[in-house]
Amino acid sequence: MESKVVAILETRTGAHLGELIARRGGVPLLAPALNEVPDIEPQKVVDLLRAWRDHPYRMVIFQTGVGTRALFNATGALGSSAEMLQLLARAIVVVRGPKPTGELTSRHVRIDLKAPSPFTTETVLATIAGIDLDGAGVLVQRYGAANEPLRRALEARGAAVDEISTYRWALPDDVRPLVALLDALAASRVDAVVFTSAVQIHNLHAVAQSLGRAGLLAGYLTGPVIASVGPVCTRALAAHGITPTFEADPPKLGPLVAGLDACLSAQPRQ
């Protein structure tokens, strides 16, 4: 990928991803597309623990590492982490991927079920398919938006679903890098765009829409290599009329960068 310009929309690990690309000769263009805004009220945590004591959840599903950490930070501030650990010990603990697994393992939480790669809602549902949830309480740690397909599927099996929100997704405070990226795409100055979460394409579309250029976005993304980290991201791209050049398998940064390198290296030098 020597001298190829690679746009990165990742926020938290964007700098690290840029370093990986730069080591392979690429030119990273950072345009963070996401702001994770804390969204957890202490009183809601107090109410959750009180309700949990009175009506224990049969299952607790952790979906993200940042959300799991935020929840424990909140219980820690309240002096209630020990109680939450006791309550978790009586529930079936399910994790969606390696990041919540790491957060729970560091706190010595027993994990009963782990959804396999590619860590989608579908793999979560397949993992818990053999468990009777009729009339059971299920607590879901939300990520930046509600996972409606997961909720509907659980409720269809008779579960009573509660969700605890710890953060929400929003546009970055400064959208100028995204505007600059749209300009660079329009001028064909970008060789590849890396999408590492579904919300990145939604937010890029929102910025394009604010500029009256939403109808042009799919065209902008026709020429460059489009790298998708996994199936959830690929579905979000498809919803905006964009077909990724490739999808990382498994959905991790290593395979993503390797696939990107292979695609860009196969292109003729200009």
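Values quoted throughout were computed directly from the atomic coordinates according to the rules given, and no laboratory measurement underlies them. Note that the structure is a prediction, hence the values are computed from the model and not measured. Virtual Cβ from ideal backbone geometry, glycine too; neighbours counted across all protein chains shown.
Points worth noting:
- Cα-only Debye scattering, the chain: base-10 log of I(q)/I(0) at q = 0.10, 0.11, 0.14, 0.17 Å⁻¹: -0.57, -0.68, -0.99, -1.26
- Fraction of beta bridges assigned by DSSP in segment 37-169 that are antiparallel (%, nearest 5): 10 percent
- For the chain, the longest principal axis of the Cα atoms and the long axis of helix 65-78 meet at an angle of about 40 degrees.
- Here, P(r) means the percent of Cα pairs in each 5 Å bin from 0 to the largest distance; for segment 134-270 it is 2, 9, 16, 17, 17, 14, 10, 7, 5, 2, 1, 0, 0.
- At 0.890 mPa s and 25 °C, Stokes D of segment 37-169 from Kirkwood alpha-carbon radius, µm² per second: 167 µm²/s
- Most simply put, the chain has about 10% antiparallel DSSP beta bridges, counting only bridges with both residues inside it.
- Segment 62-129 versus segment 226-257: alpha-carbon centroid distance in Å: 25 Å
- Helical runs (DSSP H, four residues minimum) scored at -39500 (n - 2.57) apiece and divided by the length of the chain put the mean residue ellipticity at 222 nm at -13000 deg cm²/dmol.
- Each Lys and Arg contributes +1 and each Asp and Glu -1, all at the Cβ; summed about the Cα centre of segment 83-242, the dipole is approximately 180 debye.
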